[in-house]
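**Q** For reference, the structure I am asking about is given below.
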Amino acid sequence: MTGTFNVVHAYPEQKRAQIRAAANIIGIDEAYLSVMVDAFYSRIRSDARLGPIFDAEIGDRWGPHLDRMKRFWASVALNAGTYSGKPVAVHQRLAGIVAEDFDRWLALFRETLDDTAPTPEAVNYLMIRAERIAQSLRMAMFERTGSGVPSLG
Ligand code: HEM
């Protein structure tokens, strides 16, 4: 193992650079994430179920929303540190969403990756992260105990 550099023991900046380099090798960078976010929300907006939910909430603020989501994905996928926000609180106050809407969201996300991702590894890399975050948002919204037991009220 001499000569290899262990991510776990790297200094934060080196670790950040290593995560970015690893993502870059499978084709994920800011330019791709920008294409991906635009394509995904274009799909969302044409979806009969999710389109109206997003449009009602976002109204004429789609430009800022897309910019925020590009920073979010750069932070998730590249460890860019460009997003700060409270996604759980934002989603908890959305009205009219049911748990199955997350399945639809994830299906549209996968279709977007299948259409646009530069490599199969990039599909997996982003899909795994999307599923993990969707799961924690869904838990926060619908299972307030966080124990896997549906909340009674
Ligand atoms: C059915 C599923 C979902 C619905 C209906 C939904 C809806 C929304 C809406 C309407 C907003 C904009 C709120 C506003 O600016 O007024 C938003 C923001 C956001 N969503 Fe979702 N979302 C869903 C799932 C997800 C998932 C799975 C992720 C992550 C993988 C995600 C990440 C975010 C983030 C990061 C923001 C920005 C929060 C902020 O900093 O303001 N959402 N979502």
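The values are calculated or read from the model by the stated rules, or taken from the named source; none is laboratory data. No experiment lies behind these values; they were computed from the predicted model shown. A quick note on method: Cβ atoms are made from the backbone with ideal geometry, for glycine too, and the neighbour counts reach across all protein chains shown.
**Q** Check Met139 against each of (1) surrounded by 13 or more Cβ atoms within 10 Å (Cβ to Cβ); (2) modelled with pLDDT of 95 or more; (3) part of a helix (DSSP H, G or I) and name the one condition it does not meet.
**A** The failed condition is (2).
**Q** From the list Gly85, Gly96, which residue is within 13 Å of the ligand (Cβ to nearest atom), part of a loop (DSSP other than H, G, I, E, B) and in contact (Cβ under 8 Å) with a residue 24 or more places away in the chain?
**A** Testing whether each residue is within 13 Å of the ligand (Cβ to nearest atom), part of a loop (DSSP other than H, G, I, E, B) and in contact (Cβ under 8 Å) with a residue 24 or more places away in the chain leaves just Gly96.
**Q** Oh, and also: For the stretch 109-121, name all the residues that are farther than 11 Å from Met36 by Cα, of a type outside the set (D, E, K, R) and in a helix (DSSP H, G or I).
**A** Of everything in the stretch 109-121, just one residue is farther than 11 Å from Met36 by Cα, of a type outside the set (D, E, K, R) and in a helix (DSSP H, G or I), namely Pro120.
**Q** Condition first: without any contact (Cβ under 8 Å) to a residue 24 or more places away in the chain and either charged (D, E, K, R) or in contact with a Gly (Cβ under 8 Å, 6 or more places away or on another chain) (or both). Now tell me which residues in the stretch 111-127 satisfy that.
**A** Correct list: Asp114 only.
**Q** Residues being small (Gly, Ala, Ser), closer than 23 Å to Asp115 by Cα and assigned to a helix (DSSP H, G or I): count how many of those fall in the stretch 39-65.
**A** 4
**Q** Which residue is nearest to the ligand (Cβ to nearest atom), if the candidates are limited to the stretch 107-131 and must be over 21 Å from Ser42 (Cβ atoms) and of a type in the set (Ser, Thr, Tyr)?
**A** Filtering the stretch 107-131 for residues that are over 21 Å from Ser42 (Cβ atoms) and of a type in the set (Ser, Thr, Tyr), the one nearest to the ligand (Cβ to nearest atom) comes out as Tyr125.
Residue-wise test of (1) surrounded by 17 or more Cβ atoms within 10 Å (Cβ to Cβ); (2) more than 8 Å from the ligand (Cβ to nearest atom); (3) within 29 Å of Phe142 (Cβ to Cβ).
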| position | (1), (2), (3) |
| --- | --- |
| Pro12 | no, yes, no |
| Val35 | no, yes, no |
| Tyr41 | yes, yes, yes |
| Pro52 | no, yes, yes |
| Arg71 | yes, yes, yes |
| Ser75 | no, yes, yes |
| Glu100 | no, yes, yes |
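**Q** Answer with yes or no whether Ile28 is at pLDDT 95 or above, within 15 Å of the chain's Cα centre (by Cα) and either part of a helix (DSSP H, G or I) or of a type in the set (S, T, N, Q) (or both).
**A** no
**Q** Additional query: Tally the residues that are under 15 Å from Phe40 (Cβ atoms) and under 17 Å from the mean Cα position of the chain (by Cα), restricting the search to the stretch 54-100.
**A** 14
**Q** Restricting to the stretch 115-134, name every residue that is in contact with a helix residue (DSSP H, G or I) (Cβ under 8 Å, 6 or more places away or on another chain) and within 24 Å of Leu94 (Cβ to Cβ).
**A** Passing the criteria: Leu126, Met127, Arg129, Ala130, Glu131, Ile133, Ala134.
**Q** A further question follows. Select from the stretch 14-25 the residues that are crowded, with 18+ Cβ neighbours inside 10 Å and β-branched (Val, Ile, Thr) and list them in ascending order.
**A** If the condition is that a residue be crowded, with 18+ Cβ neighbours inside 10 Å and β-branched (Val, Ile, Thr), then no residue fits.
**Q** When you go through (1) in a loop (DSSP other than H, G, I, E, B); (2) under 22 Å from Phe142 (Cβ atoms) one by one for Trp105, which number turns out not to apply?
**A** Among (1) in a loop (DSSP other than H, G, I, E, B); (2) under 22 Å from Phe142 (Cβ atoms), the lone unmet condition for Trp105 is (1).
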